[in-house]
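**Student:** Below: one structure in C-alpha cells.
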Protein chains: 2
Amino acid sequence: MGLKYNILATSEAGGRRGRIDLPHRRVETPVFMPVGTAGTVKAVAQDVLEALGAEIILGNTYHLYLRPGHEAIRRMGGLHRFMSWPRALLTDSGGFQVFSLSELRKVTEEGVSFRSHLDGSSHFFTPEHSMEVQIALGADICMAFDECTEYPAERSRAEESLRLTMKWARQSLEHFKTHGGEVVWGEELGGRKQSLFGIVQGGMYRDLRRECAERLVEMEFDGYAIGGLSVGEPRELTMEMIAEVLTILPATKPRYVMGVGYPEEIELYARMGVDMMDCVLPTRAARHGLLFTSEGRLNIKGARYAEDQGPPDQSCNCMVCRRYTRAYLRHLMQAGEALAGTLNTIHNLAYYLGIMERVRRDLTTEGGVG
Amino acid sequence: MGLKYNILATSEAGGRRGRIDLPHRRVETPVFMPVGTAGTVKAVAQDVLEALGAEIILGNTYHLYLRPGHEAIRRMGGLHRFMSWPRALLTDSGGFQVFSLSELRKVTEEGVSFRSHLDGSSHFFTPEHSMEVQIALGADICMAFDECTEYPAERSRAEESLRLTMKWARQSLEHFKTHGGEVVWGEELGGRKQSLFGIVQGGMYRDLRRECAERLVEMEFDGYAIGGLSVGEPRELTMEMIAEVLTILPATKPRYVMGVGYPEEIELYARMGVDMMDCVLPTRAARHGLLFTSEGRLNIKGARYAEDQGPPDQSCNCMVCRRYTRAYLRHLMQAGEALAGTLNTIHNLAYYLGIMERVRRDLTTEGGVG
C-alpha cells in the first residue's frame, strides 16, 4: 500500500480537512511542507523541525542525485535514515531544478541532458531515470518527471510542453509500477510502498490545464500536483488555474500545488481545497532577514529595530518569539552571525505551519463530514 | 556581593573541585566557558547551550562595544537580557582583540588607540573605558584591561609590557571599585555586584610572572587570570608558566587560564588547579569540519567518511552523536550547509564540557575536603 487519504470535513468553499496516511507518518492536511533541498531544511536541525510540528518535508532530487548521490543514499538506507528524519518525505522529479539551475540543458523526446551546476559534469535525465533516483532516495511520495512550462509561453509552446509532460507522466508511471516496490524500507515497514503523483501543466491556458488534468486522472496516480505556477504570472491567474484544475481532480485523492507561496496565498489555496503546498519562501526569505508576521512582512535588518525589545511577532508563540527580541535578531543579521538564519527560519516556518494549523481548525469547525 | 568561591574537594596534584556563586548562576568548577564573541556562541542557539550544560559563556568586549554598542546593550537591560542568556557571563577586557583584530593601533601610557576592523572608525580604549564598557554590558565577571605580551618577546619588552599591565590593573580596579555597583541588574538581583579579575602577564619569564602575580594578589581582585599563553610557545612552557603562577595565587579565589586549549590541555590544567578556561578552538574548528572525539581529532570532510554510518564519536552521548552519522555531517560540510557548523559545534562543545564534567567527578571522588 502507498498512501491512504481520508477526508474528515469539508467546507462550502471546497476546503478539505483531511489525513494522508503515509509509510512514515500520518499527515494532517491541508499541510505546508518545508523545503529541505540537500537533505537539510537550511539552518534548522531535525529535532527543531519536529518540535515545530513539521510532518512532511521535501527533498530535491536534482541536488541529492548530484551530491551525495542517490546510490550512496540507497546504500545508507534511504533519505529518511541518511538525514535522520523519521517523518514523511516527498521528493520532486528533478525536472524543475534541471531547468532552473543546471547549465547547457537540452530537452529531447527522451529526456533532458544537462551539466551540473556544481562541477560541470554531464548528465541525462529520463522519466525512468528520475523514477530510479527517487526510488533510491525512498521518499514516501515521488513526483512524475515533467517539463515546467515557463511564463509567458505561446500557446503552441505550452501545447508542445504539455504533450511532453503527459508522455513522460505515462513513462514515469510505467516504470514506477514495475519498480516502485523496490524501496529500501519496504520490508521494514510491512511491505508499504512509495506513492507517485502526476503533475498538471498547461501554462496559463485553462483548456490545456483541463486536458492535462483529465488525462492524468485516467492514468490513476496516487495523487495530483499542479505545477508551473508562481513562475511570474499575476496571482489572479494562479488562482484561476488552480480553481479550474480542482474541479477535475478526484476528491478522493490528495491535491498538491507546487512552489507556492506567500502566507495569504497558502491560506487561500488551502481553503479552496488544496491539501499540500511547499515553498522555499519562508526559509529563503528568513536568511535574508525577511520575517512573516501577523502584522505583515518585516525586514529585521531595519535600523528602527536596533533597540526594539518586542518579539519578532507579538501574536506568535514560537520558540523564537518567546525568547528573543527584534533588536537581538537585527544584531545577528548585522553581525552576519549564523544564528540569524537559524532563528529567522524557525520563526517563519512556525508562522507558515501555524497558518495551516489554523485553517485545519477552521475546516474542522465549519465543515460538515465529507 | 560579587562572587563567592567554595572548594568542595582537592587532589594531591593541586586540582580543586569548586563552586563559584555568581549573580546569575552557581557555576561548578573546573569549568570550560564557550566563547560567545558577538553575543552568540556561533551557530548555536541559547536553549541548546543550556541543554549542553553550559553554565557560563564569554562575551567579547571589543566586538560588542563596536556592534551593537555597549550603551545600546545597557539601555536594553545588559548583555544577559539582550541575548536572552539567563546564566553566567564573563567579558574580556577588549585588549586582546584590539591587538589581534583592529588596525593602526597605538599603545601609550594612557591606553590604546585603534581603528575598527568593521568600518575603520577611530577609537581609544583606556583601563577606565574598558571598565565602563564592561559595566554597561553587565557580565557577572569582568576582566582588568591588560596588554597581552606577544611571543617571543625580549626580556626588556616583556618587562615594559608587564609594567603597563600592572599600572592598568590598578586603574581598572580603582574605577571598578567606584562604579562597579552601577550595573543595570544590581537592584533586581538583590544588590549583587559584578566581579573583577586581574590578569597575570610576564611573557615566558618565570620571575616576571611571579612578580606580576604577587603584585596583583596584593591589589585583591575577586579572582585571577593567567593571560598571554597559547600565543605560539611550546606547551611545556605554557605548563611551566601556569605551574609557577598557581603557587602564588591564593587558594581562596578562582583561577582562570585564558584562551586554552586542546582537549588534553584543558584536562591537564584543570587537574593542576585551574578553575576556569575558555577557548575558541572547539567552536572555530567545528566550523571548519574538525571534530574532537574520544579517539582523537577527526576531519569530517574526509572522503573516507562519505558512507560512514557510525556516529561522530562512538563514546559520545551528545544530541548530535545520538542522531546523526559521520556520512551526514560530511555531506553537510561538502554542501556548504549552515547545519554543518551548528551540529559540529554542538558536538565539540559537548566534548569539551564533558571533559570538565569528568574531571569534576574525578576530583570529587579522589579528593579530600579542601
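The values are calculated or read from the model by the stated rules, or taken from the named source; none is laboratory data. Predicted model only: the values in this text are computed from it and were never measured. Cβ atoms come from the backbone with ideal geometry, glycine included; neighbour counts cover every protein chain shown. Side chains are part of the model used for accessible areas, which takes the heavy atoms of the whole protein and leaves out ligands, DNA and RNA. Shrake-Rupley method; radii C 1.70, N 1.55, O 1.52, S 1.80 Å.
**Student:** So how many residues does segment B:251-272 have that are among the aliphatic types (A, V, I, L, M), open to solvent by 30 Å² or more (accessible area, probe 1.4 Å) and part of a loop (DSSP other than H, G, I, E, B)?
**Tutor:** Of the residues in that region, 2 qualify.
**Student:** On to the next question. For the structure I just gave you, tell me whether B:ARG105 is open to solvent by 60 Å² or more (accessible area, probe 1.4 Å) and in contact with a Phe, Trp or Tyr (Cβ under 6 Å, 6 or more places away or on another chain).
**Tutor:** Answer is yes for this residue.
**Student:** May I pose another question? Among the residues of segment A:71-106, which ones are among the acidic types (Asp, Glu) and at pLDDT 90 or above?
**Tutor:** A:GLU71, A:ASP92
**Student:** Exactly one condition in (1) closer than 20 Å to B:CYS318 by Cα; (2) buried (at least 21 other Cβ atoms within 10 Å of the Cβ); (3) of a type in the set (A, V, I, L, M) is false for B:LEU66; which is it?
**Tutor:** All conditions pass for B:LEU66, except number (1).
**Student:** Whether any residue in segment B:163-173 is part of a loop (DSSP other than H, G, I, E, B) and either open to solvent by less than 10 Å² (accessible area, probe 1.4 Å) or touching a Cys at 6+ places or on another chain (Cβ under 8 Å) (or both) is what I want to check.
**Tutor:** No, segment B:163-173 has no match at all.
**Student:** Listed residues A:TYR328, A:TYR305; which is open to solvent by less than 10 Å² (accessible area, probe 1.4 Å), within 13 Å of chain B (Cβ to nearest Cβ), of a type in the set (Ser, Thr, Tyr) and over 30 Å from A:GLY228 (Cβ atoms)?
**Tutor:** Selected residue: A:TYR328, the only one of A:TYR328, A:TYR305 that is open to solvent by less than 10 Å² (accessible area, probe 1.4 Å), within 13 Å of chain B (Cβ to nearest Cβ), of a type in the set (Ser, Thr, Tyr) and over 30 Å from A:GLY228 (Cβ atoms).
**Student:** Would it be correct to say that B:GLY39 is under 17 Å from B:MET277 (Cα atoms) and not hydrophobic (A, V, I, L, M, F, W, C)?
**Tutor:** For B:GLY39, the condition - under 17 Å from B:MET277 (Cα atoms) and not hydrophobic (A, V, I, L, M, F, W, C) - is not met.
**Student:** Among the residues of segment B:237-290, count how many are of a type in the set (S, T, N, Q) and closer than 18 Å to B:ILE7 by Cβ.
**Tutor:** Summing the residues that are of a type in the set (S, T, N, Q) and closer than 18 Å to B:ILE7 by Cβ in segment B:237-290 gives 2.
Yes or no, residue by residue, for (1) under 19 Å from B:GLU244 (Cβ atoms); (2) more than 22 Å from the chain's Cα centre (by Cα); (3) among the small types (Gly, Ala, Ser):
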{"residue": "B:ILE141", "(1), (2), (3)": "no, no, no"}
{"residue": "B:LYS177", "(1), (2), (3)": "no, yes, no"}
{"residue": "B:GLY203", "(1), (2), (3)": "yes, no, yes"}
{"residue": "B:ARG206", "(1), (2), (3)": "yes, yes, no"}
{"residue": "B:CYS212", "(1), (2), (3)": "yes, no, no"}
{"residue": "B:GLU220", "(1), (2), (3)": "no, no, no"}
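**Student:** Pick out the one residue from A:VAL31, A:VAL48, A:VAL27 that is touching a residue at least 40 places away in the same chain (Cβ under 8 Å) and under 19 Å from A:PRO263 (Cβ atoms).
**Tutor:** Matching residue, one of A:VAL31, A:VAL48, A:VAL27: A:VAL31.
**Student:** Scan segment B:15-34 for residues that are under 21 Å from A:TYR324 (Cα atoms), out of contact with any helix residue (DSSP H, G or I) (no Cβ under 6 Å at 6 or more places or on another chain) and buried (at least 21 other Cβ atoms within 10 Å of the Cβ) and report the count.
**Tutor:** Total meeting the criteria: 0.
**Student:** Restricting to segment B:308-318, name every residue that is exposed (fewer than 13 other Cβ atoms within 10 Å of the Cβ) and touching a strand residue (DSSP E or B) at 6+ places or on another chain (Cβ under 9 Å).
**Tutor:** B:GLN314, B:SER315
**Student:** I would also like to ask the following. Taking segment B:181-200 only, how many residues are touching a strand residue (DSSP E or B) at 6+ places or on another chain (Cβ under 7 Å) and in contact (Cβ under 8 Å) with a residue 60 or more places away in the chain?
**Tutor:** Looking only at that region, the number is 4.
**Student:** Sticking with this structure for a sec: Going by the structure shown, is B:ASP222 under 30 Å from B:VAL320 (Cβ atoms) and of a type outside the set (A, V, I, L, M, F, W, C)?
**Tutor:** no
**Student:** Sticking with this one: Can you tell which of B:GLU187, B:GLU211 is among the acidic types (Asp, Glu) and either open to solvent by less than 10 Å² (accessible area, probe 1.4 Å) or more than 24 Å from B:TYR5 (Cα to Cα) (or both)?
**Tutor:** None of the other options fit; the residue is B:GLU211.
**Student:** Right, here's the next one. Would you mind stating whether B:TYR328 is out of contact with any Lys or Arg (no Cβ under 9 Å at 6 or more places or on another chain), more than 19 Å from B:ALA51 (Cα to Cα) and of a type in the set (Ser, Thr, Tyr)?
**Tutor:** yes
**Student:** Same structure, new question: Go through segment B:63-148 and tell me which helices (runs of 4 or more DSSP H), entirely inside it, have 2 or more residues that are closer than 24 Å to A:GLN334 by Cα, within 13 Å of chain A (Cβ to nearest Cβ) and touching a residue at least 60 places away in the same chain (Cβ under 8 Å).
**Tutor:** Output list reads B:70-75, B:79-83.
**Student:** How many residues, within segment A:1-50, are in a loop (DSSP other than H, G, I, E, B) and among the acidic types (Asp, Glu)?
**Tutor:** Residues meeting the conditions: 1.
**Student:** Restricting to segment B:331-366, what's the tally of residues that are open to solvent by 40 Å² or more (accessible area, probe 1.4 Å) and either more than 8 Å from chain A (Cβ to nearest Cβ) or farther than 21 Å from A:ALA38 by Cα (or both)?
**Tutor:** Residues in segment B:331-366 being open to solvent by 40 Å² or more (accessible area, probe 1.4 Å) and either more than 8 Å from chain A (Cβ to nearest Cβ) or farther than 21 Å from A:ALA38 by Cα (or both): 10 in total.
**Student:** Hey, B:ILE56 hits all of (1) out of contact with any Ser or Thr (no Cβ under 8 Å at 6 or more places or on another chain); (2) within 10 Å of another protein chain (Cβ to nearest Cβ) but one; which does it fall short on?
**Tutor:** Of everything listed in (1) out of contact with any Ser or Thr (no Cβ under 8 Å at 6 or more places or on another chain); (2) within 10 Å of another protein chain (Cβ to nearest Cβ), B:ILE56 misses just condition (2).
**Student:** Identify the residue in segment B:280-301 that is within 14 Å of chain A (Cβ to nearest Cβ) and surrounded by fewer than 20 Cβ atoms within 10 Å (Cβ to Cβ) and, among all such residues, is nearest to B:PHE32 (Cα to Cα).
**Tutor:** Checking each candidate, the answer is B:ARG284.
**Student:** Could I ask something else about it? Which one of B:ILE242, B:ILE248 is open to solvent by less than 50 Å² (accessible area, probe 1.4 Å), outside any loop (DSSP other than H, G, I, E, B) and either within 14 Å of another protein chain (Cβ to nearest Cβ) or at pLDDT 95 or above (or both)?
**Tutor:** Only one candidate passes the filter, namely B:ILE242.
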